[in-house]
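Notes to accompany the following structure.
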Amino acid sequence: MEGLVSRDDDSFDGKQLAALIYQKYARSYDVQLIRKEFLGRQLLAMNVMWKYREQKSFPLTKEEYLYRLDRVAENLRCWGAVGLVRAGLAATKERPRTGKAVSIRIDLDQTTLRANEWIQR
């Protein structure tokens, strides 16, 4: 876990998350945090969705988009999961496509996360 934590993680914000996503995909994709239960175990992931800000039909303004990413980044910081997301984005070869998000898994065993307090079903 220590190798995944950077000094920059405590200042990680929505602009930095947007930059990571844009650097990876050359588009400003939307993100969502999801929580599911599978075989009695809580699974948490950040989904990079298929809709992106440069689309005419994208429902958020630039400010609303950055606000949303700020909220996601805040949760990632609190969970100590910024490094996991950085590494997951760097490692994946998948691209979001219509109806298919790219999931960056956040391993609950590697964070001090108590997901039930943070994400509603």
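Hey, can you tell me all the residues within segment 16-31 that are assigned to a helix (DSSP H, G or I), open to solvent by 80 Å² or more (accessible area, probe 1.4 Å) and closer than 17 Å to residue 61 by Cα?
22
Which members of segment 48-71 meet the condition of being surrounded by fewer than 18 Cβ atoms within 10 Å (Cβ to Cβ), within 21 Å of residue 26 (Cβ to Cβ) and touching a residue at least 40 places away in the same chain (Cβ under 8 Å)?
49, 50, 68
Among the residues of segment 78-95, how many are open to solvent by 10 Å² or more (accessible area, probe 1.4 Å), closer than 20 Å to residue 23 by Cα and over 10 Å from the mean Cα position of the chain (by Cα)?
Kept after step one, since they are open to solvent by 10 Å² or more (accessible area, probe 1.4 Å), are these residues of segment 78-95: 78, 80, 84, 86-88, 90-95.
Next cut, closer than 20 Å to residue 23 by Cα only: 84, 86-88, 90-95.
This time we only want the ones that are over 10 Å from the mean Cα position of the chain (by Cα), so: 87, 90-95.
Counting residues in segment 78-95 that are open to solvent by 10 Å² or more (accessible area, probe 1.4 Å), closer than 20 Å to residue 23 by Cα and over 10 Å from the mean Cα position of the chain (by Cα) gives 7.
Out of (1) open to solvent by less than 20 Å² (accessible area, probe 1.4 Å); (2) touching a residue at least 60 places away in the same chain (Cβ under 8 Å); (3) out of contact with any Leu (no Cβ under 7 Å at 6 or more places or on another chain), the odd one out for residue 102 is which?
Residue 102 satisfies all of (1) open to solvent by less than 20 Å² (accessible area, probe 1.4 Å); (2) touching a residue at least 60 places away in the same chain (Cβ under 8 Å); (3) out of contact with any Leu (no Cβ under 7 Å at 6 or more places or on another chain) except (2).
Which residue is modelled with the lowest pLDDT, if the candidates are limited to segment 3-15 and must be more than 9 Å from residue 82 (Cβ to Cβ) and assigned to a helix (DSSP H, G or I)? Reasoning before the result, please.
As a first pass, look at segment 3-15 and keep what is more than 9 Å from residue 82 (Cβ to Cβ): 3, 7, 11, 13-15.
Okay, now just the ones that are also assigned to a helix (DSSP H, G or I), so 3, 7, 11, 14-15.
On the way: 3: 40, 7: 51, 11: 88, 14: 96, 15: 96.
Residue satisfying both the conditions and the ranking: 3.
Answer yes or no: is there a residue in segment 32-47 that is charged (D, E, K, R), open to solvent by less than 80 Å² (accessible area, probe 1.4 Å), touching a strand residue (DSSP E or B) at 6+ places or on another chain (Cβ under 9 Å) and part of a strand (DSSP E or B).
Yes, that holds for at least one residue.
The values are calculated or read from the model by the stated rules, or taken from the named source; none is laboratory data. These numbers come from a predicted model, not from an experiment. Ideal geometry is used to build each Cβ from the backbone, glycine not excepted, and the neighbour counts take in all protein chains shown. In case anyone asks, the SASA skips ligands and DNA or RNA and just uses the protein heavy atoms, side chains included. Shrake-Rupley method; radii C 1.70, N 1.55, O 1.52, S 1.80 Å.
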